[in-house]
Amino acid sequence: MLENCKTAQERWGGVHRLIDKWLNDRKQLIVQYYALSSCQPLANDYNLGEAVSRLCEAMVDYCSVGHFEIYEQLINEAKEYDDGGLDLARELVPRLDQLTTRCVDFNDVYDQHCGLEDLAKLPADLSSIGEALEERFELEDQLIEKLHNIHRELATE
């Protein structure tokens, strides 16, 4: 997942500062996810609740920027260029909405209110949310790549 993030950032990093920051936020989210999923919760110096809360905050922030800034900008570009990108957006954004719901549900369970029963389910839920994030990143990359490549080609004509 982290290697794919580096590749996406290299390919599209210069498109727009907002996308640059968002891809960097994605990288930080992945790092936090891996740190939490590989943690040793019984270690004396490890604060599991704090680590889960940081992951939830990073994930919700990342999803929010995607929905309220990035997707909107890409859709506006697709409308402006009227080059088929809007069809892809109509196909991918509903699935991205479903994945956002999964992230919000994870946040609702684990951010600052989770009890022992919830913590017992954490490893399985982390695995599930990791799969959702990976799918989300792939769909977002498709959306960015398609719109960027089409628009870059049109801009150079």
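The values are calculated or read from the model by the stated rules, or taken from the named source; none is laboratory data. Computed from a predicted structure; not experimentally measured. Here Cβ is always computed from backbone atoms with ideal geometry, including for glycine, and neighbour counts include all displayed protein chains.
General observations
- Top-ranked residue in the range 94-121 [being of a type in the set (A, V, I, L, M, F, W, C) and farther than 16 Å from Tyr62 by Cβ; ranked as nearest to the chain's Cα centre (by Cα)]: Val109
- When restricted to residues that are farther than 18 Å from Leu23 by Cβ and in contact with a Ser or Thr (Cβ under 8 Å, 6 or more places away or on another chain), the range 58-93 contains 0.
- Residue that is surrounded by the most Cβ atoms within 10 Å (Cβ to Cβ) [pool: residues in the range 96-146 that are part of a helix (DSSP H, G or I) and of a type in the set (Gly, Ala, Ser)]: Ala132
- Within the range 44-80, tally of residues that are crowded, with 16+ Cβ neighbours inside 10 Å, out of contact with any Lys or Arg (no Cβ under 8 Å at 6 or more places or on another chain) and hydroxyl-bearing (Ser, Thr, Tyr): 2
- Single residue of the range 1-50 satisfying the filter (in a helix (DSSP H, G or I), under 23 Å from Asp118 (Cβ atoms) and of a type in the set (Phe, Trp, Tyr)) that is modelled with the lowest pLDDT: Tyr34
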